[in-house]
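This report concerns only the one structure given below.
The values are calculated or read from the model by the stated rules, or taken from the named source; none is laboratory data. These numbers were taken from a predicted model, which means no experiment stands behind them. Note that we place each Cβ from the backbone using ideal geometry, even for glycine, and neighbour counts take in every protein chain shown.
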Amino acid sequence: MSGAALLVDCSSLAYRAYHSVPPLLAPDGREVHAALGLFNFLIRLLEDRQPSVLHVALDDDWRPQFRVDALPTYKTHRLAGEGEPEDTVGVQIAIAAALLEEMGVSVARAPGYEAEDVIASLLPRTPGPVEIVTGDRDLFALVVDPRVRVLYTLQGVTGLAFVDQEWVARKHGIPGDRYLDYALMRGDPSDGLPGVRGIGEKTASALLTKYGSLDAILAARDLSPTIRARFAASAEYLEAARRVVAPVMDCPLSAGSGALPCGPVDAGALLARARAVNLGGSVERLVAALRPRLEG
């Protein structure tokens, strides 16, 4: 899919970079290695994928109120407790986003929404094949659109799995366009989603293979009494989880055109700001990686 539009989940990649890139400090003592890792990964993506369009999507709110209202346990365990160290990745994402915008890269966001919603909402306005780069499995649901595949970060921000409907079917043993139904049943403790109690991955896979969709499972008359009782006990969860897990496809976007920039409006000012936070070298390499795509 070289030449496809590239939609990058900035928050997901920055957090993975934070834990896989050696520590780096700006002259004022701020950590900047998550931003460094993000930039280096973008350089690699530009060189390997040669995209026709580039959007970098941000979390405006990593725990949106509409998801918390539907399911109060959503990401509860990620809330900082008293005495825990401050999360510096958010600050680094802001630094990276400001520098990307100075380069002319489209940084996409939507008030009150997560990056996954921004990416999903970019799809209708992005023609042709699309590659989504993320470490968030929720975005596997978007391969329901056959022109979309997810470049899923397997370890840190190095190895990638190329996730499409065929990959989903092979990996999980389910219809390739039914990952969302599978995710609803399985749940995800890392996001505070309990899933349907008593329905593990194997059972969810077998049920989806037999019936084709979650709605068909719920409507089936030949479910065993035990399975039917488990779904009935989790009916309230399933209703809430449908509003929580599915990426929003129509959030109010703020984004550029996605066209790759010819270069920063003021290269001198950009590099001065980048060097002030010890990111000058990676920013220079990123600007250079953008340029051949335009000249070619």
- Scan the range 109-124 for residues that are surrounded by fewer than 22 Cβ atoms within 10 Å (Cβ to Cβ) and hydrophobic (A, V, I, L, M, F, W, C) and jot them down. LEU123
- Query: Taking the range 86-108 as the search range and keeping residues that are β-branched (Val, Ile, Thr) and within 17 Å of the chain's Cα centre (by Cα), which one is surrounded by the fewest Cβ atoms within 10 Å (Cβ to Cβ)?
  - Reply: VAL89
- Message: Given the condition over 19 Å from GLU131 (Cα atoms), modelled with pLDDT of 95 or more, acidic (Asp, Glu) and in the same structural domain as VAL118 (by TED's automatic domain parsing), answer yes or no: does some residue in the range 26-49 qualify?
- Response: yes
- Query: Of the numbered conditions (1) in contact with a Gly (Cβ under 6 Å, 6 or more places away or on another chain); (2) under 21 Å from ASP87 (Cβ atoms), ASP59 satisfies every one except a single condition; which is it?
  - Reply: (1)
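Can you give me the ranges of the helices (runs of 4 or more DSSP H) entirely in the range 203-262 with at least 3 residues that are out of contact with any Asp or Glu (no Cβ under 8 Å at 6 or more places or on another chain) and over 22 Å from VAL168 (Cα atoms)? Give the steps one after another, and end with the answer.
Working: elements: 214-219, 225-233, 235-245.
Passing ranges, in order: 225-233, 235-245.
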- Message: With closer than 30 Å to TYR74 by Cα and surrounded by fewer than 18 Cβ atoms within 10 Å (Cβ to Cβ) as the only criterion, which of ARG242, ARG273 stands out?
- Response: ARG242
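Yes/no matrix, rows are residues, columns are (1) of a type in the set (A, V, I, L, M); (2) surrounded by 13 or more Cβ atoms within 10 Å (Cβ to Cβ); (3) at positive phi:
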site: PRO175; (1), (2), (3): no, yes, no
site: ASP188; (1), (2), (3): no, yes, no
site: LEU214; (1), (2), (3): yes, yes, no
site: PRO261; (1), (2), (3): no, yes, no
site: ASP266; (1), (2), (3): no, no, no
site: VAL283; (1), (2), (3): yes, yes, no
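When the residues of the range 15-63 are filtered to those that are charged (D, E, K, R) and over 16 Å from LEU151 (Cβ atoms), which remaining residue is farthest from the chain's Cα centre (by Cα)? Give the derivation first.
The first filter runs over the range 15-63 and keeps only residues charged (D, E, K, R), leaving 16, 28, 30-31, 44, 47-49, 59-61, 63.
With over 16 Å from LEU151 (Cβ atoms) added as a condition, the list becomes 28, 30-31, 59-61, 63.
Values: ASP28: 30, ARG30: 25, GLU31: 23, ASP59: 9, ASP60: 13, ASP61: 13, ARG63: 14 Å.
The residue in question is ASP28.
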- Those residues that are under 16 Å from LYS210 (Cβ atoms) and part of a helix (DSSP H, G or I), I need them from the range 170-185; list them, please. HIS172, ASP181, TYR182, MET185
- The residue from GLY192, GLY135 that alone is assigned by TED's automatic domain parsing to the domain that holds ASP59, touching a residue at least 24 places away in the same chain (Cβ under 8 Å), touching a helix residue (DSSP H, G or I) at 6+ places or on another chain (Cβ under 6 Å) and buried (at least 16 other Cβ atoms within 10 Å of the Cβ) is GLY135
- Task: Count, please, the residues in the range 125-160 that happen to be closer than 23 Å to SER52 by Cβ and more than 14 Å from the chain's Cα centre (by Cα).
- Result: 9
- Note on the structure: Counting only residues that are over 23 Å from LEU25 (Cβ atoms) and either in a helix (DSSP H, G or I) or at pLDDT 95 or above (or both), the range 263-286 contains a total of 2
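From GLY112, GLY128, grab the single residue that is within 22 Å of ALA240 (Cβ to Cβ) and outside any helix (DSSP H, G or I). Step through it out loud before you land on a result.
Numbers: GLY128 fails: within 22 Å of ALA240 (Cβ to Cβ).
Every option except GLY112 fails the conditions.
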